[in-house]
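Working notes for the structure below.
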Amino acid sequence: MATLTLDNVRKSFGATDVIHGVDIDVQDGEFIVIVGPSGCGKSTLLRMVAGLEGITSGEIRIDEKRVNEAEPMERNIAMVFQNYALYPHMSVFDNMAYGLKIAKTPKDEIAARVAVAAKLLQLEPYLQRKPRELSGGQRQRVAMGRAIVRKPAVFLFDEPLSNLDAKLRVQMRLEIKQLQRELGVTSLYVTHDQVEAMTLADRMIVMNAGVADQIGKPLEVYENPQTEFVAGFIGSPATNFMPAGSIGVNVGKTVGIRPEHIKLTDSPTRLQARVAYCEALGAETLVHLRLPHGQLITVRQGGHLPLPSEGTDLWLGWDDAAMMVFGEDGKRI
Amino acid sequence: MEKRVIFKGWMLPALLLLPQIVITAIFFFYPAGQAIWQSMFVPDPFGLKTQFVGLGNFEYLLGDPYYRASFVTTAIFSGLVTVVSMGVALYLAILADRLIKGSGTYRTLLIWPYAVAPAVAGVLWMFMFNTRVGVVAWYLGLLGYDWNHVLNEAEAMGLVVVASSWGRISYNFLFFLAGLQAIPRSVIEAAAIDGAKFWTRFRTIVWPLLSPTTFFLLVVNVVYAFFETFGVIHTITAGGPQQATTILVYKVYSDGFVGQDLGSSAAQSVILLVLVGLLTVIQFKFIERRVHY
Amino acid sequence: MSEQRGMVEKRGLGHWLTHLGLIIGVLFIFFPIWLAFVASTVTQPEIVRPPMPLLPGDQFFENYSKALLSGVNAPVAMMMLNSLIMALGITIGKIVISLTSAFAIVYFRFPGRTVFFWLIFLTLMLPVEVRIVPTYEVIANFGMLNSYSGLIFPLIASATATFLFRQFFLTVPDELTEAARVDGASPMQFFWHILLPMSRTNIAALFVILFIYGWNQYLWPLLITTDPSMNTIVMGIRQMFPSGDDLADWPVIMATSILAMVPPVIVVISMQKLFIRGLVDSEK
C-alpha cells in the first residue's frame, strides 16, 4: 500500500512540451482516473510514473521515496496495457508468473500467488492455455492477474478496456472496480472514456493539452467544472456553449448550460429556437433545436414528456444557477 | 521506424554487434576495399611488383573487345533467362490459379527444383545434351539435327539459358501464383459479368494488378542471372566456345584465377559492384513504392 | 477461398486442358532429374551406347555404394559431410550473428548506431562472386584454405538475415517490451525469454532458406578447397569429370548428382510452408 505524488512533473521532447507541470497527490488505496482526449498527454504521464518515459523536470514519489531514476521494476508498480501485452508464446500461468520468476521468487510461492490471482479472476481453467486461445475479456483478466501477483504498491492502467466490445467493457469496468476495492491498491487509470472515468474514479483528473485542468471527485467535476474544456469534455451529450453577450450575461466570454438544465416551454422565457430533430431514447429524449443564427442547442428531457414535432418554435428556459460562465482564458468565473 | 522502448547502455549493444562487425570487416569490407585498390594497379611482367595505373585498368577494359563482348553476352544471357523463366512460370501459375482444387499439389510438384543447385542443374542438362552420350542430343540426331554445343555458339548459349531458367521456374512460379491468388476474386468476376473474355480479363485486369510482382521478379531474376548462374556455365561450357557464354562473373573468375590478371579482375569486380549497386537501388526504390501502394 | 476459385470458368474441356498444361510443366521440370536417376541405376556401357534406357536399371545399390564409399577423387559420403558442415555452419552462424546485431540495432540507442546499420546494410549489395579474388587472399593469408572456417566465414558476411530480423523486431509491439521491463526483465532476459521464442517461425523459415543457400554453394568451395577430402558435393561433381578425352564415369556422377540434391529437396518439401514464408520474407 502506498501513496503516489507527482510534484510539478514536466516532459518535453526537444522544444515541445507535452506535460506542463502536473501536481497530483494520490492517497493510499485511492483510485485515480486520468481522462482526456487523445494526445492530451495522459498516457505519457502514466508511462512516466511507470518509468517507461524519462522525466524532464519535477519529481515523482512513491511512498514519499523519489523514483525519478528508478527502473520500472524498482518502483514496485504493475501495469495493465491497452493491448494487454501478453507474451504470446507463454501460457496464462507463465504470463502471470514471469515477473516473479525474474525476481527469483521461490517456485511454490509463485504457484501459490498465481493460484490466488487465478481464483480471484476466475482464470483457473485456463492456466495452461496460450493467450490466443482466450477471449478478449479473458485476456484482459490475465493482464490484470499479471499485475496482481506482483503485489505492487501502485496499479497503473493504460486504457485497459478500449479493445473490448461495449458490453464486455461495462462488465470488466465493474470487475476492475470491485477488484480494486477488494485489494485496496493505489491505482492510476488512464482513459479517454468519460463514462469509465465517472464510474471508476474516487477522484478524477481531466487533462487537456498537457495540463491537468481539474482534479476532483467525479460528481464535483461534473457539477462544477473549472474550465470551459472540462465543462465540454465531461458529460454526454455535451454542454451547450453560447456567447455570454447573446444571452444577456455581462461578465465572461462564454456561458455553458448542460442539456438537462434547459426546459422547453410554449410560453416565452429566455430564447426562442426551432426544433430540428428529436432522438427518443426511451428513458430520456434529446431534443436538438436551432437558434435563429443557426447554432444547435441540445436539450435533454424525460422520456415521458410528449415529443415536440420538428419545425415547431419553442422557448428555452433555465435557472441562473445552471449557467456556467467562463472567461477569455477558458477559466470559470 | 523506431522503437518507443529503448534499453539503456552501450556496452551490451556493442558486444552484441561485435561478431557481425568483425566478420563483415574482415571478410567483406577489407576484400571489397582490396578489390577497389587492386583495380588501380597492374603487376609487372615478373609478378614481383605492382605499378599504380589509376583508372588504367578500367580504360583498358572498356577498350577490350573481349570484355565488351562479355557485356553483350551477359545482357543476352540474363535477358533470355529472365524472359524464359518468368514466361514459363507465369504460364504455369495462370493455369494453377484456374484450378478449384489441386493448385497446392502442383505447387509442391513444381517448387522443389529451387533446391537443386545451379551447378547440379548444369550437370543434368549437360548430360542430356552431351554430344557423346546425351539422350536428347541423340534423338535430335535421329531427327537430322546435329547438336553440338561444344562447337556451336548459339547452341551453347541456348543450353546454358535453358539450364539456368529451369531451376528458376520454381521461384518465379511461387511468386506469380501468390500474386495471382492475391487478386480479389470479386474483381475478376465483376469483369466476367461485364462480358470480358479470359484474354481480355488477363490483359486489362490481371496483368496490371500483377505488375508489382512482375517488376520485382524482373529485378531479382536479372540479379540471379548475373551472379548465381556461375555454376551452370562452369559445368556446361566453361565460358566457351570462343567465350560465347563468358558472362561478366565468369570473366572475373577466369581472368583472376585462371589468367592470374589480378588488376583486371579487380577492376571487373568494381564494375560489377556498381552494376549490383544500381540494381539494388532500383529494387529498393521499387520496394518503397510497393509499401506505399 | 479456394472453393470459389475458378467460379468464372466453367468446368469442361478447359478444365482438362488446364491440367494437361500443368502436367506438361511438371514433366518438363522432372525430366532431367528422371534421366539422372535412370542413369544412376544402369551400367556405364548402357549409357555410352546411346540411346540410354529411359527406365531404371538394376545397378542402384552398386552405383550409389560406389559413389558414397569411393567416389572418383573422394568418397561422396565425405563430400556430403563437408557440405552438411558448411551448410549448417553458414546457417547457424548467420542466424546467430544476425539475431544479436538486429537486437542491438533495434532495441538500443548508441553512438554510431546508424552508421553501423548502413555499413551492415551495404553488404546486402555485394554477393561473394564480386569480391572473390581479394577474399581468397584473405583466406589464404589466414591459412584457412581447405578448412571449414574458410568455407563458412566469407559466406556469413552478409546482412540479409540481419535486415530480416530487424524488420521482424520492428513489428513486435512496444507494449511487450514495456511489459517485460515492468516485470523486471533485463535486456538479455527480454531477448532470451520473449524475443527469441517469438521469432522462432522466422528463424525456422530463414533456416530453410540459408541451408539451401549454403548447401548449393559452388564457386567459393571450388576456389578454396583444393584438397579432395575438403570438397563439397555440389562442387565435387564437376571435379569427377576427367580432363581430356577420357570417358566420364556417368553412373557414379549421376548418382552423386542425385545425392547432391536429396538433402535440400527434402528440406524444401518437408518444410514447404516455412520455405515459402522464408522466401517471401527474405525478398521483402
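Before moving on, here are some points about what is shown:
Per-residue answers, yes or no, for (1) hydroxyl-bearing (Ser, Thr, Tyr); (2) closer than 22 Å to B:Lys8 by Cα; (3) part of a strand (DSSP E or B); (4) modelled with pLDDT of 90 or more:
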position: A:Asp28; (1), (2), (3), (4): no, no, no, yes
position: A:Cys40; (1), (2), (3), (4): no, no, no, no
position: A:Leu45; (1), (2), (3), (4): no, yes, no, yes
position: A:Val49; (1), (2), (3), (4): no, yes, no, yes
position: A:Glu53; (1), (2), (3), (4): no, yes, no, no
position: A:Ile60; (1), (2), (3), (4): no, yes, yes, yes
position: A:Asn68; (1), (2), (3), (4): no, yes, no, no
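- Leading residue by the ranking (farthest from A:Met323 (Cα to Cα)) among those in segment A:262-298 that are outside any loop (DSSP other than H, G, I, E, B) and among the small types (Gly, Ala, Ser): A:Ala280
- Count of segment A:299-333 residues which are out of contact with any Cys (no Cβ under 9 Å at 6 or more places or on another chain), exposed (fewer than 15 other Cβ atoms within 10 Å of the Cβ) and among the polar types (S, T, N, Q): 1
- Exactly one residue among C:Phe241, C:Phe207 is more than 10 Å from chain B (Cβ to nearest Cβ) and either assigned to a helix (DSSP H, G or I) or among the aromatic types (Phe, Trp, Tyr) (or both), and that residue is C:Phe207.
- Per the listing A:Pro306, A:Pro225, the residue uniquely outside the structural domain of A:Cys40 (by TED's automatic domain parsing) and part of a loop (DSSP other than H, G, I, E, B) is A:Pro306.
- Single unsatisfied condition, B:Ala163 versus (1) in contact with a Gly (Cβ under 6 Å, 6 or more places away or on another chain); (2) farther than 23 Å from C:Phe37 by Cβ: (2)
- Some residue of segment B:60-83 being within 11 Å of chain C (Cβ to nearest Cβ), crowded, with 18+ Cβ neighbours inside 10 Å and under 30 Å from C:Met52 (Cβ atoms): no
- Residues located in segment C:206-238, provided they are under 15 Å from B:Phe127 (Cα atoms) and either touching a Leu at 6+ places or on another chain (Cβ under 9 Å) or touching a residue at least 60 places away in the same chain (Cβ under 8 Å) (or both): C:Arg238
- Lone unmet requirement of (1) among the polar types (S, T, N, Q); (2) modelled with pLDDT under 85; (3) not in a helix (DSSP H, G or I) for C:Thr114: (3)
- Here B:Val123, B:Val133 are screened, and the one residue that is within 8 Å of chain C (Cβ to nearest Cβ) and assigned to a loop (DSSP other than H, G, I, E, B) is B:Val133.
- Filtered by the rule that a residue be touching a Gly at 6+ places or on another chain (Cβ under 7 Å) and among the hydroxyl-bearing types (Ser, Thr, Tyr), segment B:16-43 gives a lone residue, B:Ser39.
- Every residue from segment A:84-102 that is at the interface with chain C (Cβ under 7 Å from one of its Cβ atoms) and within 16 Å of A:Ala118 (Cα to Cα): A:Tyr98, A:Gly99
- Just one residue in the set A:Phe31, A:Phe13, A:Phe81 is more than 21 Å from C:Ala179 (Cα to Cα), of a type in the set (Phe, Trp, Tyr) and touching a strand residue (DSSP E or B) at 6+ places or on another chain (Cβ under 7 Å); that residue is A:Phe31.
- Which numbered condition A:Val142 misses (of (1) surrounded by fewer than 19 Cβ atoms within 10 Å (Cβ to Cβ); (2) within 14 Å of chain C (Cβ to nearest Cβ); (3) among the aliphatic types (A, V, I, L, M)): (1)
- Restricting A:Val275, A:Val287, A:Val255 to those that are surrounded by 15 or more Cβ atoms within 10 Å (Cβ to Cβ) and out of contact with any Asp or Glu (no Cβ under 9 Å at 6 or more places or on another chain) reduces the list to A:Val255.
- Look at (1) surrounded by fewer than 18 Cβ atoms within 10 Å (Cβ to Cβ); (2) touching a Leu at 6+ places or on another chain (Cβ under 6 Å) and you find that A:Leu174 fails only one, number (2).
- Within segment C:22-37, tally of residues that are more than 9 Å from chain B (Cβ to nearest Cβ) and either closer than 20 Å to C:Gln59 by Cβ or not in a helix (DSSP H, G or I) (or both): 2
- Subset of segment C:210-224 that is more than 10 Å from every other protein chain (Cβ to nearest Cβ) and of a type in the set (A, V, I, L, M) - its residue that is nearest to B:Gly231 (Cα to Cα): C:Ile224
- Some residue of segment A:226-234 being surrounded by fewer than 17 Cβ atoms within 10 Å (Cβ to Cβ) and either farther than 28 Å from A:Pro308 by Cα or not hydrophobic (A, V, I, L, M, F, W, C) (or both): no
- Residue match in segment C:74-90 (condition: farther than 30 Å from C:Val208 by Cβ and either aliphatic (A, V, I, L, M) or not in a helix (DSSP H, G or I) (or both)): no
- Single match in B:Ala190, B:Ala196 (criterion: over 30 Å from B:His234 (Cβ atoms), over 19 Å from the mean Cα position of the chain (by Cα), assigned to a helix (DSSP H, G or I) and modelled with pLDDT under 90): B:Ala190
- Screening segment C:159-196 for residues that are more than 9 Å from chain A (Cβ to nearest Cβ) and among the polar types (S, T, N, Q) and picking the one that is farthest from C:Ile95 (Cα to Cα) gives C:Thr171.
- The one condition in (1) surrounded by 20 or more Cβ atoms within 10 Å (Cβ to Cβ); (2) over 18 Å from the mean Cα position of the chain (by Cα); (3) modelled with pLDDT of 85 or more that B:Met86 fails to fulfil: (2)
- Total residues in segment C:38-53, condition outside any helix (DSSP H, G or I), surrounded by 15 or more Cβ atoms within 10 Å (Cβ to Cβ) and at the interface with chain B (Cβ under 9 Å from one of its Cβ atoms): 3
- Any helices (runs of 4 or more DSSP H) falling wholly within segment B:1-116 and containing at least 1 residues that are within 30 Å of C:Trp16 (Cα to Cα): B:65-98, B:103-111
The values are calculated or read from the model by the stated rules, or taken from the named source; none is laboratory data. Just so we're clear, the structure is a prediction, and the values are computed from it rather than from any experiment. Using ideal geometry, Cβ is built from the backbone for each residue, glycine included, and neighbour counts are taken over all protein chains shown.
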